[in-house]
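Working notes, structure below.
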Amino acid sequence: MYILFKRQSFVLFLIFIFGCETYREDPETIGSPFYPFAMGNFWEYSVEETVYFGEGDAENRSFYYRDEMVDQYLNADNELVYKIQRKSSPDRINWFNERIFTVSLSRNRIIRQDDNLQEIILVYPADTGREWDGNALNNKLMQTFVVEREGDYILGNLNFAETITVRQREEDDLITIRDNRYEVFAKNIGLVEKYYEVFRYCSRNDCLGEQIIQEGRFTHLKLIGHGQM
């Protein structure tokens, strides 16, 4: 009788322990087809950038980025967060650490935190026409992100069979501002293109409507390589 009681108590103890355990997906099996999560993943991009400091004052640069998934940790909600080390290079030979940003999958949303700004860059299911507030996790004004396109995509000499294009903003009043941003993600690869074009036009009486750029930045990333370290 005493032995039976001890066995029953042990079984109940195991049920209690396993019933209270919080399960999370293995890092290698998190389901995110358009932004794969795995330690050692890397992506290399060619970058064209122009920074406008004033009328007729601009600086052009051509260089490369390399993003590497280098670390992971659990956040307060027991979700895996991946650290990505971004490196820059003038020649793809000498690489220099530039900054670290993070990405995570939370409630079917891909969240990127870069320079203390959290954005929801992708939401599953990623069907054409799907909309969400990309700024829902920060203190900026609401900004509608939309899956603008699905399908194959040609980028330079690369052809991607399954992609989605997320339009983040598209505005140009031809007088004061131009704001054009989008990102393209390929299945089983991740981000393959990032386009950022934000200008403020000269609005003085002598140049109003002439689309003379007063300040702003143009940055265009194109994938040229990816894989596992």
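Along the axis of the charge dipole computed for the chain (Cβ charges of +1 for Lys and Arg, -1 for Asp and Glu, origin at the Cα centre), the listed residues Ile189, Leu74, Asn41 are led at the positive end by Leu74. The length gained on full extension between Ile212 and Val51, counted as 0.36 nm times the residue separation minus their Cα-Cα distance, comes to 56.6 nm. Packing here is the average count of other Cβ atoms within 10 Å per residue, and on that basis the peptides 54-60, 86-92, highest first, run 86-92, 54-60. Lysine pair count for the chain with Cα-Cα distance under 23 Å and sequence separation of 8 or more or different chains is 8.
Going by average Cβ neighbours within 10 Å, how do the peptides 184-197, 149-162 rank, with the highest at the top? Write out the running numbers ahead of the final one.
Values: 184-197: 19.9, 149-162: 12.6.
So the order, starting with the most tightly packed, is 184-197, 149-162.
Sum -39500 (n - 2.57) across every DSSP H segment of at least 4 residues in the chain, then divide by the residue count to get the 222 nm mean residue ellipticity, nearest 500.
On the way: 1 runs with 19 residues, N = 229.
The helix-only estimate for the chain comes to -3000 deg cm²/dmol at 222 nm.
Between 0 and 90 degrees, the angle of helix 2-20 with respect to the longest Cα principal axis of the chain falls at about 10 degrees. Look at the alpha carbon pairs under 8 Å that are at least 6 residues apart: their mean separation over the length of the chain gives a relative contact order of 19 percent.
Values quoted throughout were computed directly from the atomic coordinates according to the rules given, and no laboratory measurement underlies them. Everything numeric in this text was worked out from a predicted model, so none of it was measured. Ideal geometry is used to build each Cβ from the backbone, glycine not excepted, and the neighbour counts take in all protein chains shown.
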